[in-house]
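This report refers to the structure that appears directly beneath it.
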Amino acid sequence: MDLIRYASLAANSHNTQPWLFQVGNEGIRLLPDFARRTPVVDPDDHHLFVSLGCAAENLAISAEAMGYTCAGTCTDDGIMQFQLGAGVARSDPLFGAIARRQSTRALYDGRPVPNNHLDILVQSAMRPGVRVVLMTDARQIGQMRDLAVAGNNVQLGDPGFVGELKRWLRFNPRAAMAKGDGLYTACTGNPVLPDWLGPHAFDLFLNAKVENDKLARQIASSSGLAIFIGDRAGRASWVETGRACQRFLLTAAQLGLKSAFINQPVEVTPFRSELAVLAGEAGKRPDLVLRFGYGPTMPYAPRRPVSAVLI
Ligand SMILES: Cc1cc2nc3c(=O)[nH]c(=O)nc-3n(C[C@H](O)[C@H](O)[C@H](O)COP(=O)(O)O)c2cc1C
């Protein structure tokens, strides 16, 4: 149960927690929960399987830290099986970072990250078939900022995207804790409002220009960006990207860095090719974009109890 709890603390798109765990004699199976899809922002379930990969990595790190051997396999359908055996508990700083990591959607202080830490970040994300490209140059970050803001603008002009986002927003701590999922507004520095007011205030006050300006400032305040690119498209490959990404996020947390996703140029498909060119990977399909830097700790996102994700 502890391993599943740690797995559930992984990054996941819209905090839908699109996973189910099945415990058997041989170990733990990790399966997609398609009832938690977000078809507008993620029509091909790319983010869903990346999220499963993030959970898988937390599970594997926790198992080895807690004294199990843990051999994982993944089918082409993105279903994972972890075989657990008796091993020796070993200290792993990434294990300690699992509960501390968060997606920090705040201004960072712009301080550069030392080169040796950048190297550690890139090394940490080495997984078969996944590449990570770092950008720390202000001009490149500016180009990526413009692309992310353009993507944000498209998304906020799409009633389907806005409606889906609104369904996953939790406007106060009571709603966040009752559901145990979704995007709690305080995590993004937005107001806490009663349930009867939140959705109406969101409709009345959501302003693309204000949101775009905020995003632009957040990206400009970051020390660097990381772009993840998998060799292949498909569920098993997206799981690998998720595993690499979660290792990167945990390593960043362990180095005192904050991180957040800025996936607009991946989600708005016409922008993907330009993103690939900016990353020096023309013709490839980029999977994820992250920003990182030194910043404050924000309120943590809720999670559902283990009992809710067990089959
Ligand atoms: C595949 C994937 C895509 C994501 N895309 C975004 C995004 O575009 N913008 C954003 O602010 N957060 C994004 N997130 C972060 C999730 O919203 C976040 O992980 C979730 O709300 C749980 O919060 P936590 O990371 O603080 O635990 C993404 C996470 C994953 C795994």
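Derivation of every value follows stated rules applied to the coordinates shown; laboratory data play no part. None of the values given here were measured: they were computed from a predicted structure. Cβ coordinates were reconstructed from backbone atoms using ideal geometry, including for glycine residues, and neighbour counts include every protein chain displayed.
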Rounded to two decimals, the Rg over Rh value of the chain from Cα coordinates and the Kirkwood Rh reads 0.94
Put in order of increasing Cβ neighbours within 10 Å, starting from the fewest, Lys258, Lys284 give Lys284, Lys258
All alpha-carbon distances of the stretch 87-203, grouped into 10 Å bins from 0, give the whole-percent distribution 10, 26, 30, 26, 8, 0
With a ≥ b ≥ c from the Cα gyration tensor eigenvalues, square-rooted, and the rule rounded for a/c under 1.5, otherwise prolate when a/b > b/c and oblate otherwise, the stretch 245-299 is prolate
Proxy exposure order for His117, His200 (fewest C-beta within 10 Å first) is His200, His117
Taking every alpha carbon pair in the stretch 169-311 and sorting the distances into 5 angstrom bins from 0 up to the bin holding the longest one, the percent per bin comes out as 2, 8, 13, 16, 19, 18, 14, 8, 2, 0
With only helices counted (DSSP H, runs n ≥ 4, each -39500 (n - 2.57)), the per-residue ellipticity at 222 nm for the chain, to the nearest 500, works out to -12500 deg cm²/dmol
When the chain is treated as a Gaussian network with springs between alpha carbons less than 10 Å apart, the largest mean-square fluctuation among Phe34, Phe292, Phe228 is found at Phe34
HN-Hα couplings for the stretch 44-56 via Karplus (6.51, -1.76, 1.60; θ = phi - 60°), in whole Hz with x for Gly/Pro, come out as 9, 6, 4, 4, 4, 6, 4, 4, 4, x, 4, 5, 4
Given unit charges at Cβ for Lys, Arg (+) and Asp, Glu (-), the dipole magnitude of the chain about its Cα centre in debye, nearest 20, is 600
Heads up, the stretch 1-152 by the C-alpha gyration tensor (a ≥ b ≥ c square roots of eigenvalues; a/c under 1.5 rounded, else a/b over b/c prolate, else oblate) looks oblate
From the cross-link list Lys166/Lys214; Lys166/Lys284; Lys179/Lys209, the entries with a Cα-Cα span beyond 28 Å are Lys166/Lys284; Lys179/Lys209
Packing-ranked peptide list from 3-9, 298-304, highest mean Cβ count within 10 angstrom first, is 3-9, 298-304
Once Lys and Arg are counted +1 and Asp and Glu -1 for all other residues with Cβ under 13 Å from that of Ser273, the total becomes +1
Diffing the stretch 117-129: the Karplus 3J(HN,Hα) column from phi (6.51, -1.76, 1.60, θ = phi - 60°), in whole Hz with x for Gly and Pro, holds 6, 4, 4, 4, 4, 5, 4, 4, 9, 6, 9, x, x
Everything considered on the Cα gyration tensor (a ≥ b ≥ c; rounded for a/c under 1.5, else prolate if a/b is larger than b/c, else oblate), the stretch 121-169 must be described as oblate
